[in-house]
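Working notes, beginning with the structure itself.
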Amino acid sequence: MSRTATPGAVTSVAVDGADRATDRSPTPPPREGRGLRLGLWVAIVLIALLLAALTAAIGGGAPAAETPLDPRSPRASGAQALVRVLEQQGTEVDVVHDVDRVDTTTGTVFVDDSAGVLAPAVARRIARTAPHVVLVTTNDAVLEAFGTQATPAAQVAPGDTVSTASCDIPAAAAARTVSTSGTAYTVRDRDAVRCAPTGSGADRAWGLVQVPTEAGEVTLVGTTDAFRNDTITTAGNAALALGLLGGQDRLTWYVPTAGSADAAPSLGELAPPWIPSAIVMLAAVAVAAAVWRGRRLGPLVVEQLPVVVRAAETTEGRARLYARTRDRTHALDTLRIAAVRRLARTLGLGRSAHVDAVVQRAATVTGRPAPALGQVLVGGTTADDRALVDGAAALDELERAVTRAVAGDAPRASRPVPDQPTDGPQPGPSPHPRTGPTPDQPTDRRPGGRP
């Protein structure tokens, strides 16, 4: 019989089919979240760039950092008070930042290299031409250029004073006591004049050192508290400063600045011109690599812990590692250890039984010589794949032999007794004392057997 479908029924079937097809089709992942994340990262980068620009603008307009012993600074670490007193006493003070303006023919030259930027060549030039130099520096190259043979040893904390009444430097002897705050030096030249000691024994260092030069003498001053505005009035600091710098009618206060012709070249100046561009490129590559490796490839996958790994997978993995490294000896030793444990359990020994005890017990059970069994269970190195296969086969055969021997010694209740009638008990002794029939048990040993 033919069936006629109504239009409504056809429409319903089509709609249902379309719904099912729609349910089966994969839903494309939403891209709105990815766009939002991308926009968020772009906003973060723009904000970071804006903050960097503002920081650079604000930092560029900020005042320069305070310079120690600045002759024009009235701050605590400056030396304006000393300069004014020198001028009042008739000493002409000329502050210069270029070595070409340093007058080395007359007067005193004060080299203030507190920043440690003076080039050694400039220092040697001053040492060869200036008759009286007062030096403040911790730069080893500058100390060597002036020939002081001194090395900075330690930084002395403020607050201590020391007597200089017996010092051979006239300015220090006139001061009688000076502050030791600043830098202390160790001196290798025995002919150098040392004053203002700190420490004792092997740790003794000096705050004032005077050595001769080609043109005259240089006085190395580590006790810089004698020049500072806040400590010049302490002890005899003022007398020391005025004696060192005010002994002549003219004082040239030379302060080398970083980046000038008198300064030692920095690492950036010594590097080739393409180094900054390479550093910027490497930094950009590092940022790109970090973004590439750190991006999220979709949502995180939630995994139930702990994860159960089948023992077969662990065994196969270790076997592949042994095969890849060709460590046949380690692989066979693993099999030997497992075989010793199984044999100990089969022979009724404890888990902590020594391999020698297992070998002796297996030799007793199987009747084989103990040295041969020891060679199988302990052995030595495995030279090739054939030795590995033979060793594994020997272990397997030994386990089977021990299992058969142990099973043969144990009684088997299901083994039928030979020549035993099945109709019932017979008079006379039992054919087998351990398994023979008794009046209270059936002759047939099978479950459900007939008596």
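The values are calculated or read from the model by the stated rules, or taken from the named source; none is laboratory data. For clarity, every value in this text was computed on a predicted model and none was experimentally measured. Quick reminder, even Gly has a Cβ in these numbers, built from the backbone with ideal geometry, and neighbours come from all protein chains shown. Only protein heavy atoms, including side chains, enter the accessible area calculation; ligands, DNA and RNA are left aside. Shrake-Rupley method; radii C 1.70, N 1.55, O 1.52, S 1.80 Å.
In region 315-358, what count of residues is obtained for those that are of a type in the set (S, T, N, Q) and loosely packed, with under 12 Cβ neighbours inside 10 Å?
As a first pass, look at region 315-358 and keep what is of a type in the set (S, T, N, Q): 315, 325, 329, 334, 346, 352.
Now narrow it down to the ones that are loosely packed, with under 12 Cβ neighbours inside 10 Å: 315, 325, 352.
Looking only at that region, the number is 3.
On the basis of being touching a Cys at 6+ places or on another chain (Cβ under 6 Å) and open to solvent by less than 10 Å² (accessible area, probe 1.4 Å), does residue 220 make the cut? Break it down stepwise before answering.
Values: touching a Cys at 6+ places or on another chain (Cβ under 6 Å): no; open to solvent by less than 10 Å² (accessible area, probe 1.4 Å): yes.
In short, no.
Which of (1) farther than 23 Å from residue 86 by Cα; (2) buried (at least 20 other Cβ atoms within 10 Å of the Cβ) is the odd one out, the single condition residue 172 does not satisfy?
Condition not satisfied by residue 172: (1).
Given the residues 215, 202, which is the only one that is without any contact (Cβ under 8 Å) to a residue 12 or more places away in the chain and either part of a loop (DSSP other than H, G, I, E, B) or not β-branched (Val, Ile, Thr) (or both)?
Numbers: 215 fails: without any contact (Cβ under 8 Å) to a residue 12 or more places away in the chain.
Exactly one of 215, 202 is without any contact (Cβ under 8 Å) to a residue 12 or more places away in the chain and either part of a loop (DSSP other than H, G, I, E, B) or not β-branched (Val, Ile, Thr) (or both), namely 202.
Filtering region 182-211 down to residues that are modelled with pLDDT of 90 or more and hydroxyl-bearing (Ser, Thr, Tyr), which residue is most open to solvent (accessible area, probe 1.4 Å)?
186
Only residues that are open to solvent by less than 20 Å² (accessible area, probe 1.4 Å), among the hydrophobic types (A, V, I, L, M, F, W, C) and either over 15 Å from residue 251 (Cα atoms) or within 46 Å of the chain's Cα centre (by Cα) (or both): list them for region 88-121, please.
99, 110, 111, 118, 119
So, of the residues in region 104-141 that are in a helix (DSSP H, G or I) and in contact with an Asp or Glu (Cβ under 6 Å, 6 or more places away or on another chain), which turns out to be farthest from residue 192 (Cα to Cα)? Outline the logic, then answer.
Our first condition is that a residue be in a helix (DSSP H, G or I); within region 104-141, this holds for 120-129, 140-141.
Filter again for in contact with an Asp or Glu (Cβ under 6 Å, 6 or more places away or on another chain), leaving 122, 128.
Working: 122: 23, 128: 18 Å.
Within region 104-141, the match that is farthest from residue 192 (Cα to Cα) is 122.
Within region 224-247, identify whether any single residue is open to solvent by less than 10 Å² (accessible area, probe 1.4 Å) and under 39 Å from the mean Cα position of the chain (by Cα), and answer yes or no.
no
Which one of the conditions (1) within 17 Å of residue 77 (Cβ to Cβ); (2) without any contact (Cβ under 8 Å) to a residue 40 or more places away in the chain does residue 188 fail to meet, given that it meets all the rest?
With (1) within 17 Å of residue 77 (Cβ to Cβ); (2) without any contact (Cβ under 8 Å) to a residue 40 or more places away in the chain applied to residue 188, the lone miss is (1).
Need pairs with beta-carbon distance below 7 Å; first residue surrounded by 13 or more Cβ atoms within 10 Å (Cβ to Cβ) and within region 367-391, second in a loop (DSSP other than H, G, I, E, B); sequence gap 6+ or separate chains.
Sorted first by the residue in region 367-391, then by its partner, the pairs are 388/382; 391/379; 391/382.
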